[in-house]
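Contents: one structure, followed by commentary.
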Amino acid sequence: VQLQAYGGGLVQPGGSLTLSCTASGSISSADYMGWSRQAPGKQRALVATFTSDGSTDYADSVKGRFTISRDKRKNTVSLQMNSLKADDTAVYYCNGIIGGRLYWGQGTLVTVSS
C-alpha cells in the first residue's frame with residue numbers, strides 16, 4: 001500500500017487548508033489512519049487519528065480547529081485545518097496501520113505565514 005498526501009501550501013494565519021491522503025489500496029480494514037507533523041527542529045508528533053471503530057482523536061494543540069475524516073469509497077483520509085497558526089507550520093505526513101503493517105506517506109509542507 002502506498003499513501004499519497006497532498007494539499008499543502010502557504011496560508012495566512014487564521015486561514016484554512018485541507019490535506020488529503022489517498023491510499024493505493026483499500027483502507028476499509030485499516031486499524032487506524034492518521035496525520036502526524038514535524039515542525040522545523042522538532043520531533044514528529046501525532047496530530048489526528050481515525051480508528052476502525054469510527055472514533056477520532058486529536059492532539060491538544062489542534063482540538064477544535066482540525067477535523068479528520070475518512071472516505072472509504074475513495075480510500076482517502078482528509079484533514080480539515082481551520083484557524084491556522086504559525087505554530088502549525090510543519091511537514092504533514094499521513095500514516096496508517098493496514099493489514100497489521102504501518103505505512104507512511106510522503107510529507108506535504110504547510111506554511112502558515114503572513
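The values are calculated or read from the model by the stated rules, or taken from the named source; none is laboratory data. What you see is a predicted model; the values in this text were computed from it and never measured. Counting neighbours? That spans all protein chains shown, and the Cβs are built from the backbone with ideal geometry, glycine included. In case anyone asks, the SASA skips ligands and DNA or RNA and just uses the protein heavy atoms, side chains included. Shrake-Rupley method; radii C 1.70, N 1.55, O 1.52, S 1.80 Å.
Among the residues of the range 10-27, those that are more than 15 Å from Ile68 (Cα to Cα) and open to solvent by less than 60 Å² (accessible area, probe 1.4 Å) comprise Val11, Gly14, Gly15, Ala23, Gly25.
Among the residues of this structure, Phe66 does not count as one that is under 12 Å from the mean Cα position of the chain (by Cα) and more than 27 Å from Ser113 (Cα to Cα).
Within the range 70-109, being under 11 Å from the mean Cα position of the chain (by Cα) and among the aliphatic types (A, V, I, L, M) holds for Val77, Leu79, Met81, Val91. When the range 71-107 is filtered for residues that are surrounded by fewer than 19 Cβ atoms within 10 Å (Cβ to Cβ), part of a strand (DSSP E or B) and not aromatic (Phe, Trp, Tyr), the ones remaining, listed by number, are Asp71, Thr76, Gln80, Val91, Ile97, Arg101, Leu102.
Out of everything in the range 5-22 that is in a strand (DSSP E or B) and farther than 13 Å from Tyr92 by Cβ, what residue ends up being modelled with the lowest pLDDT? Going through the qualifying residues, I end up with Thr22.
If the condition is being over 20 Å from Ser20 (Cβ atoms) and not in a loop (DSSP other than H, G, I, E, B), then the range 46-62 contributes Asp60, Ser61.
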